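All of the numbers you see were taken from the coordinates with simple rules; none came from a lab. Keep in mind that this is a model prediction, so the values were computed, not measured. All Cβ positions, glycine included, derive from the backbone under ideal geometry; neighbour counts span all protein chains shown.
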Amino acid sequence: MEDIELSSQELARNEAWIEAECPRSTDLFESWGRYPRLQSKVVPIEWQQDIPSKIRGENCASLAVGMGRSYGDACLLSKGTLLQMTSMNRLLDFDSSSGLLTAEAGVTLGQILEFAVPRGFFLPVTPGTKYVTLGGAVANDIHGKNHHKAGTFGNHVISFELVRSDGSRRLCSPTENSEWFSATIGGLGLTGVVTWVQIKLRPIVSRMIDYEGIQYHGIDEFLELADQYKHTEYTVSWIDCASTGRNFARGIFMLGEHSQVPGILKPSPKPQLVFPFEAPGYALNHTTVSAFNTVYFHKQGKPRIKSLNDYEPFFYPLDKVLKWNRLYGEKGLLQFQYALPWDSAREGTIAILREIAKSKLASFLAVLKTFGDVVSPGLLSFPQPGVTLALDFPVKANRTLSLIRRLADMTVDFGGRLNLSKDAAMTAEHFQAFYPQWTQLASFRDHALSSSLWERVTEEQQNL
Ligand SMILES: Cc1cc2nc3c(=O)[nH]c(=O)nc-3n(C[C@H](O)[C@H](O)[C@H](O)COP(=O)(O)OP(=O)(O)OC[C@H]3O[C@@H](n4cnc5c(N)ncnc54)[C@H](O)[C@@H]3O)c2cc1C
């Protein structure tokens, strides 16, 4: 085992990131969509031993939260106490021969990369931002561009500790307290507070990615590409959700593999840009989005390009601009993400894309990809084999909510489900259709813990 010693430069960089990107305890705690906005008390947690007493000390329900990068209300609790875990951000143990890393649950994936990349390791699974904590990655069982090969984050968790409000501490792994392991992965923070997590990192020899970008026109071409490149480690696509007619469902299919040519293993440069102001509500409209989509589709200049790219723009293109969610204006944004099974993936995706294009509400941030068949250990995990579409909508009075409810109805009809970590609009009826196993999670829930999402989708009031 290696003693974890970060250089003073590494420590300063970590502090700078947390400072720039983490909601402060004195702020209103917002999720990334900034919708809904709810008042809660925010209590920073510094030490593992503080947890049971901090939960018990509150006479309202509590919820552990990380970086607030869930889009909706999975990380919110109206009139409750949010236990902010980002000060519990110590790396505890690392074995450089196996890649096993143990860290406190408030450590961000960005901090892990700062430590791991110079030592020749990378995250086994990463979402589209590195500003998420280990605890948040476990509780939402996040997925990345390699789901078709590697499954979810939970597939790479070796063990973690779960602390409950009754003071009990459980070591959870696939073989020890396995039912708690399964309930907590994708368990929305409701089974207890995760204090530390052990994960297995994957080796790399360079920070570079062999990249290929291929233009496609329509869902059939997308599905052909996904099948053709199903053995490539990372695949994802940007899709134009605003266009109709001959440009309907055009996009760029993106492929990536860690470069096998030994190269630089330096940490990433610190982000410099901050979105400076709240954009006016009208800035994002059908005309600006359509114009952006046309430029973006043609930006690679030819139907197919290959290049050697740094991992930052490949995995985290949006992290370059801090607080980019301000682009959606003060009302915020709603994200919608479905997973449809293979049987209905083609038909369902075309029908839902048509409904979205008709609404003229889509933003330019839309991702279409496939999920593979690696089974997650999580009881309530979102991914299932098939196709997933994720996109943002600016909040525009009732128009956006009613569109999202219509799309949720269609998702039910096509046998799919919606991602809870992105949601702020699902009805209890939708939730219970998407996740019939929710009653099992309810039986593992710590009744001192709750979230606004949970109260909404189970129609349960806080009951302490
Ligand atoms: C730009 C962007 C891109 C994204 N891309 C993806 C993607 O590709 N794939 C994907 O799956 N997700 C993606 N997400 C969503 C994000 O990865 C998840 O919502 C993630 O869980 C956020 O982590 P967090 O630390 O911000 O947790 P929060 O949002 O603060 O909390 C999330 C959940 O974790 C629980 N939690 C947090 N810490 C603990 C703890 N210590 N113990 C118990 N429970 C805890 C909370 O109670 C809550 O239920 C993206 C988000 C953004 C903003």
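Mind checking the range 241-319 for chymotrypsin sites (Phe, Trp or Tyr not before Pro) that DSSP puts in a loop (not H, G, I, E or B) and that have at most 15 other Cβ atoms within 10 Å? Intermediate values should be presented prior to the final figure.
Numbers: sites: F248, F253, F277, Y282, F292, Y296, F297, Y311, F314, F315; in loops: F248, F277.
Those that pass, being in a loop and sparsely packed, are F277.
Indicate the gyration tensor shape class of the range 307-464 (rounded, prolate or oblate), computed on the Cα atoms with a ≥ b ≥ c the square roots of the eigenvalues: a/c under 1.5 is rounded; otherwise a/b larger than b/c is prolate and the rest oblate. Can you show the working numbers first?
Values: a/c = 1.34, a/b = 1.27, b/c = 1.06.
Rounded.
Could you tell me the relative contact order of the range 238-375? Use alpha-carbon pairs under 8 Å, at least six residues apart, and round to a whole percent.
Numbers: 118 pairs, mean separation 60.2, N = 138.
Value for the range 238-375: 44 percent.
Below 16 Å, Cα to Cα, which aspartates and glutamates can K149 reach? Residues fewer than 8 away in the same chain don't count.
K149 reaches D141, D227, E233, E257, D373.
Grab the beta carbon distance between R119 and N398, set R0 = 60 Å, and tell me the FRET efficiency rounded to 0.05.
Details: r = 51 Å, r/R0 = 0.85.
After rounding, the FRET efficiency stands at 0.75.
Which loop GluC sites (Glu not before Pro) in the range 29-111, with loop taken from DSSP, have no more than 15 other Cβ atoms within 10 angstrom of their Cβ?
Details: sites: E30, E46, E58, E104; in loops: E30, E46, E58.
For GluC sites (Glu not before Pro) across the range 29-111 that sit outside H, G, I, E and B with at most 15 neighbouring Cβ atoms in 10 Å, the list reads E46.
Once you have the Cα-Cα distance between H298 and S53, take 0.36 nm times their residue separation minus that, and quote the gain in nm to one decimal.
82.6 nm
Let's test the formula: R0 of 45 Å, r as the Cβ-Cβ distance of V43 and R405. What FRET efficiency results, to the nearest 0.05?
On the way: r = 34 Å, r/R0 = 0.76.
With a Förster radius of 45 Å, E is 0.85.
Pull up the DSSP beta bridges for the chain and report the antiparallel fraction as a percent, rounded to 5. Don't skip to the end; give the middle numbers.
Numbers: 63 of 74 bridges.
If I count the DSSP bridges inside the chain, around 85 percent turn out antiparallel.
Hey, quick one: spin label on V274, modelled 7 Å out along Cα-Cβ, who in the range 30-49 has an amide N within reach, i.e. under 17 Å?
What the label zone holds, given the 17 Å backbone N cut-off, is 30.
In nm, what is the difference between 0.36 nm times the number of residues separating R202 and D166 and their Cα-Cα distance?
Values: separation 36, 0.36 × 36 = 12.96 nm, distance 3.63 nm.
So the chain would gain 9.3 nm between R202 and D166.
Take K306 and V321, extend 7 Å from each Cα along the Cα→Cβ direction, and tell me the distance between the two endpoints in nm.
About 3.2 nm separates the two model spin labels.
7 Å from Cα along Cα→Cβ at both E355 and K149: what's the point-to-point distance in nm?
Calculated label separation equals 3.4 nm.
Let a ≥ b ≥ c be the square roots of the eigenvalues of the Cα gyration tensor of the range 221-271; is it rounded (a/c under 1.5), or, if not, prolate (a/b larger than b/c) or oblate? Show your work: numbers first, answer last.
Details: a/c = 4.89, a/b = 1.75, b/c = 2.79.
It comes out oblate by the Cα gyration axes.
Mind checking the full-extension length gain between D343 and R90? Use 0.36 nm per residue of separation minus the Cα-Cα distance, one decimal, nm. Intermediate results must be reported in sequence, preceding the final value.
On the way: separation 253, 0.36 × 253 = 91.08 nm, distance 4.47 nm.
Stretched fully, the D343-R90 segment lengthens by 86.6 nm.
I need the calculated FRET efficiency for the pair E330 and H231, taking r as the beta carbon distance and R₀ as 45 Å, to the nearest 0.05. Each step should come with its number before you reach the end.
Values: r = 45 Å, r/R0 = 1.00.
Step by step, r from the Cβ atoms, then E = 0.50.
Of the beta bridges DSSP finds with both residues in the range 193-343, what % are antiparallel, to the nearest 5? Write down the numbers at each step before the final one.
Details: 22 of 24 bridges.
Given both bridge residues lie in the range 193-343, the antiparallel proportion sits at roughly 90 percent.
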